[in-house]
Amino acid sequence: MSRRAQLPPPPPPVEIRSWPDREALLTDRAAVLGALVKAHVSPGRLAMLWMWGALCALGWLLVGSAFITFEESYDVISAGIGVLLAAMGACCMVPAVVLVVIGLRRDRRIRRLLDAWGALDRDPARDAVLRMPGASLAWLLMSFGLCAAGLYACFAVPASGVLDGNAYGLAVLVMGLGLTGWIVGLIGLVKAFAHRRWVLRVLAGAPAPEPLFSVGGGAHR
């Protein structure tokens, strides 16, 4: 993992904190929280999640095409093409799933760091930048649309009779694409609501903690 991809460390324990005054603490807190929020709900993270979803959808498209080929194959050449398509689909899906799982574990660590650094103090002026309402709304709306489209593809399309009753491979392909879209959209919805909940709990709703420093710069703790 590159240095750029590494997350900041948690705040040091109370007994070894070495900020000279409250302003220095607030400056470090704002810098760390800004980096964490961008790593969590920035537009770039949304694009990356959709890219992983598109890679997984491409893999399932190839696997579904392999099912259709197996369903309609009558010779060895067609069966060989189906095996090749299935292998190519697996090569796309497996890395995409691994990347999504790694991203989910990273998001969990980010949320823990957001809680830890946000609980140090309150700074309404700097915290206003961390709310990112536009990015959060984009995550919410786009993820909801993808979830709705995925659920429609999973259930409404097969039940509507649009697909031929004997085209099992095509039905598997459409339902798999819909399930992929639904999962990616659900991940986006969870992240959007998690960010909003953090804003309300840490930045807006929680009372200010006891100051770490007195007016004269001496530490209280």
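Values quoted throughout were computed directly from the atomic coordinates according to the rules given, and no laboratory measurement underlies them. Since the structure is predicted, the reported quantities are computational estimates derived from the model, not experimental observations. Backbone-built Cβ (ideal geometry, glycine too); neighbour counts: all protein chains shown.
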* With r defined as the distance between the Cβ atoms of Phe70 and Ala149 and R0 fixed at 41 Å, what FRET efficiency is calculated, to the nearest 0.05? -> 0.90
* **region 25-49-region 138-155 distance, computed between alpha-carbon centres (Å)** => 25 Å
* With the chain treated as a Gaussian network of Cα nodes joined by springs under 10 Å, which of Gly59, Gly44, Gly178 yields the largest mean-square fluctuation? -> Gly44
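Projected area of region 1-132, taken from the Cα convex hull and averaged over every viewing direction, in nm²?
Seen from a random direction, the Cα hull of region 1-132 projects 10.5 nm² on average.
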* Mind computing the radius of gyration and Dmax over the alpha-carbon atoms of the chain? Å is fine for both. => 23.8, 86
